[in-house]
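Quick notes on the structure that follows.
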Amino acid sequence: MPDRGLIGAATLADLRAAPAFAPVVADRVWRAWWEGKGVSLAELRARLDESFGTAPVPSTFIALDGTRFLGCVALIACDVEERPALAPWVAALWVEPEARRQGVGAALMARATDAAFAAGHPRVYLAAEPALAPYYAARGWDRVESDVDGLEIFARRGG
């Protein structure tokens with residue numbers, strides 16, 4: 001099931017290899033970003049289920065400590081409607097509160113970014129609230145645009 005080591009006993013896995021975690025991923029992403037916007041959990045789950053296809057985009061990756069869920073991230077075609085030509089996007093980065101500040105988020109971002117580059121994409125994008133911009137900048141993301149519907153747009157080039 002795991003596809004790459006993380007820290008300690010934790011591992012990263014493609015959700016395709018661990019489908020039993022789909023309900024918890026859907027719950028966390030829905031509660032963090034969509035519950036207050038009138039999107040139902042069923043609608044969010046339907047979008048998440050697109051990650052079970054064979055194409056590299058969309059994909060969802062999870063961090064686990066044994067069977068304990070630590071976090072998730074998605075690689076999707078478009079995260080900002082105002083920028084449909086930019087693709088793909090690292091999105092929905094979530095780390096469980098007790099697993100934060102341990103490198104889980106950075107490892108998940110790296111896994112999604114690596115997947116984009118392995119699929120032949122020369123750049124990958126990320127949208128963040130302004131308060132979180134320093135976190136992404138400190139991890140090698142370059143800000144390419146500011147205040148797009150209240151978000152900061154970052155990019156990273158493959159190398």
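The values are calculated or read from the model by the stated rules, or taken from the named source; none is laboratory data. Source: prediction; values computed, not measured. Cβ: placed from backbone, ideal geometry, glycine included. Neighbour counts: every protein chain shown. Calculation scope for accessible area: heavy atoms of the full protein, side chains included, ligands and nucleic acids excluded. Shrake-Rupley method; radii C 1.70, N 1.55, O 1.52, S 1.80 Å.
What the table below lists for this structure:
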{"quantity": "Accessible area of segment 96-159 belonging to carbon and sulfur atoms, whole % at 1.4 Å probe", "calculated": "47 percent"}
{"quantity": "Span from the segment 12-63 Cα centroid across to the segment 87-119 one, whole angstrom", "calculated": "14 Å"}
{"quantity": "Candidate values (i) 42, 41, 33; (ii) 82, 41, 21; (iii) 39, 37, 32, label of the one derived for Cα extents along the principal axes in Å", "calculated": "(iii)"}
{"quantity": "Max mean-square fluctuation residue, GNM over the chain, Cα-Cα springs under 10 Å, options 73, 144, 90", "calculated": "144"}
{"quantity": "Per residue accessible area of the chain, 1.4 Å probe, in Å²", "calculated": "51 Å²"}
{"quantity": "Span-rule helices in the chain, defined as complete DSSP H runs reaching 20 Å or more along the axis (Cα) with Kyte mean at least 0.0", "calculated": "104-118"}
{"quantity": "For segment 74-88, Karplus couplings with θ = phi - 60° (6.51, -1.76, 1.60), whole Hz, Gly/Pro x", "calculated": "10, 10, 10, 6, 8, 10, 10, 4, 6, 10, x, 7, 8, 6, x"}
{"quantity": "Phi to ³J(HN,Hα) by Karplus 6.51 cos²θ - 1.76 cosθ + 1.60 over segment 140-152, Hz, x for Gly, Pro", "calculated": "x, 8, 9, 6, 10, 7, 10, 6, 9, 6, x, 10, 9"}
{"quantity": "For residue 123, distant residues with modelled amide H under 5 Å away", "calculated": "158"}
{"quantity": "In nm, spacing of pseudo-spin labels at residue 16 and residue 123 (7 Å Cα→C-beta vector)", "calculated": "2.7 nm"}
{"quantity": "Separation in nanometres of the label points that stand 7 Å from Cα toward Cβ, at residue 54 and residue 142", "calculated": "3.6 nm"}
{"quantity": "Gaussian network model of the chain, springs between alpha carbon atoms under 10 Å - residue of 25, 124, 39 with greatest fluctuation", "calculated": "39"}
{"quantity": "Options 10, 80, 33, ranked by Cα towards positive dipole end of the chain, top entry (Cβ charges)", "calculated": "10"}
{"quantity": "Per-residue HN-Hα couplings for segment 52-65 [Karplus 6.51, -1.76, 1.60; θ = phi - 60°; Hz; x = Gly/Pro]", "calculated": "8, x, 8, 6, x, 10, x, 9, 10, 10, 10, 10, 10, 10"}
